[in-house]
Amino acid sequence: MVDPLQSYASHLLDGKINLKSLLPQEMEQLMLDLGQPRYKWQQVWRWIYVRLVDDFEEMTDLSKDFRRRLSELTCVPSMALHLHQQSSAQDTDKFLFKMRDGSLVESVKMRYLESVGHGRIAICISSQVGCAMACSFCASGLAGLQRNLAAWEIADQVTQIQKAVQPLGQRVANVVYMGIGEPFHNYDNVMRSVRMINCGEGLGIGMRHLTISTSGLVPQIRQLAAERLPIRLAISLHATNDALRDEMMPVNRKWPISELLAACREYQQATERRITFEYVLLEGVNDSLAEAEALGKMLRGLHVLVNLIPWNPVEGASYQRSRPGRIRAFQERVEAFGPKCTVRQEKGADIDAACGQLRLRDMEGTARTRPARASRKSDQAHK
Ligand code: SAH
């Protein structure tokens, strides 16, 4: 008889196998290792990701003996919901999860456009605690990187938000990796989390409804291309020349614009997927019409969507957001050169949940947000 704990060393939490840390095929293997029929993995997976249950006693279609064995050897942890806030327009919710090491993880729920479907929501999740990229306009990089999130901690943001919205008749239908962190800096865990939330026996979020946003890590763009998955890729470009991009995004010193675009071309050849280019507009810095023209021209030959993001002010950064008239003119100029270009709608600014505003901090001491709509849950330890 195999000692299951031995071969699952990297999945242990408090001496038990963390079932949420397993991929579908690993869960299947665990069932076999426990002397169970192969199909059991689907039953367990459904309890965890469809019925959102973490207590083995509730898994009533499993035999009592098997439930006892599972509770002896394994666990189903949940991240503790530390804070849940809703924006005044009620179109954005911010969730703050507290990890056992005290780290905070932020996720944002956005209400979908009505046209997309009733009750379907999009969420924005984090991939790291802090961020190493140090982009000059972004709040997340201010304190540097603290640690990578484990795959299950990335995926559990989706599971916990699904649990919160299910009673409202809503379903997480779209996930963007645009919260805190650089997803490609934590590539393996991010890709594991993709497989966890994609699994059709559970949350079932389609690859086409998943977007990974990167500041431009070229080797990982190539790696993703080689995986041939229909995931959506978004590139944070933000500048059309290396001198400016070097200044705004230190990652550009390692992989300049020409290399980034070459990797994007390869990605598109391999996947035939449209790529989104994000461009945050900073007044007098990168929002001239000449830059709009350069942007439109440099993306020729690629199938792209340009998404202009009005900059959300960050404490301590000396930028100004571009004025609405300038944003519209910039958009028209880009489109004159071919690429489709949209302007991101702003939501959640009053709860610091707007794009790029997420920032790790101790909410107890320094929250600037309005507490009126906040509901604070007592910290539960991971089970
Ligand atoms: N590290 C990844 C994903 C996280 S950021 C990346 O760089 O793509 C998601 C998007 O928000 C990026 O395009 C980022 O450049 C942008 N962003 C960061 N700070 C912002 C701010 N203050 N206002 C508007 N957008 C911002």
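The values are calculated or read from the model by the stated rules, or taken from the named source; none is laboratory data. Keep in mind the model is a prediction, meaning the values are calculated, not measured. No Cβ is skipped: glycine too gets one built from the backbone with ideal geometry, and neighbour counts run over all protein chains shown.
Tallying residues that are of a type outside the set (A, V, I, L, M), in a helix (DSSP H, G or I) and surrounded by 14 or more Cβ atoms within 10 Å (Cβ to Cβ) within segment 252-264 yields 3. Looking at ALA139, is it buried (at least 19 other Cβ atoms within 10 Å of the Cβ), modelled with pLDDT of 95 or more and either part of a helix (DSSP H, G or I) or of a type in the set (A, V, I, L, M, F, W, C) (or both)? No.
The residue of segment 224-251 that is surrounded by the most Cβ atoms within 10 Å (Cβ to Cβ), among those that are away from the ligand (no atom under 16 Å from the Cβ) and assigned to a helix (DSSP H, G or I), is ALA225.
Cβ-Cβ contacts under 8 Å between residues 6 or more apart (or on different chains), taken from a first residue in segment 213-224 that is at positive phi and outside the structural domain of ARG273 (by TED's automatic domain parsing) to a second residue that is within 13 Å of the ligand (Cβ to nearest atom) and small (Gly, Ala, Ser), are absent. Note on segment 29-51: residues that are buried (at least 18 other Cβ atoms within 10 Å of the Cβ) and either polar (S, T, N, Q) or within 19 Å of GLN160 (Cβ to Cβ) (or both) amount to 6. Look at (1) in contact with an Asp or Glu (Cβ under 9 Å, 6 or more places away or on another chain); (2) aliphatic (A, V, I, L, M); (3) within 16 Å of PRO77 (Cβ to Cβ) and you find that VAL50 fails only one, number (3). Residues that are in a loop (DSSP other than H, G, I, E, B) and within 14 Å of the ligand (Cβ to nearest atom) within segment 297-330 comprise TRP311, ASN312, PRO313, VAL314, GLU315, GLY316, ALA317, SER318, TYR319, GLN320, SER322, listed in sequence order. Considering segment 5-110, the qualifying helices (runs of 4 or more DSSP H), each wholly inside and each with 2 or more residues that are closer than 23 Å to VAL172 by Cβ and among the polar types (S, T, N, Q), run over 40-49.
Picking from residues in segment 265-285 that are assigned to a strand (DSSP E or B) and of a type in the set (Phe, Trp, Tyr), the one that is farthest from ALA317 (Cα to Cα) is PHE277. The combined condition, being of a type outside the set (S, T, N, Q), away from the ligand (no atom under 11 Å from the Cβ) and buried (at least 23 other Cβ atoms within 10 Å of the Cβ), is not fulfilled by ILE180. Restricting attention to segment 165-177, the residues that are surrounded by fewer than 22 Cβ atoms within 10 Å (Cβ to Cβ) and within 14 Å of the ligand (Cβ to nearest atom) total 1. The set of residues in segment 295-312 being loosely packed, with under 15 Cβ neighbours inside 10 Å and free of Cβ contacts under 8 Å to residues at least 40 places away in the same chain consists of ARG300, GLY301, HIS303. Would you pick out the residues in segment 206-223 that are within 13 Å of the ligand (Cβ to nearest atom) and part of a helix (DSSP H, G or I)? Those that are within 13 Å of the ligand (Cβ to nearest atom) and part of a helix (DSSP H, G or I): GLN220, ILE221.
Could you list, ordered by first residue, the pairs with Cβ atoms under 7 Å in which the first is in segment 170-198 and at pLDDT 95 or above and assigned to a helix (DSSP H, G or I) and the second is aromatic (Phe, Trp, Tyr) and within 14 Å of the ligand (Cβ to nearest atom), at least 6 apart or interchain? The qualifying pairs are PRO183/TYR177; VAL190/TYR177. Looking across segment 82-109 at every residue that is touching an Asp or Glu at 6+ places or on another chain (Cβ under 6 Å) and of a type in the set (Ser, Thr, Tyr), the one that is surrounded by the most Cβ atoms within 10 Å (Cβ to Cβ) is identified as SER87.
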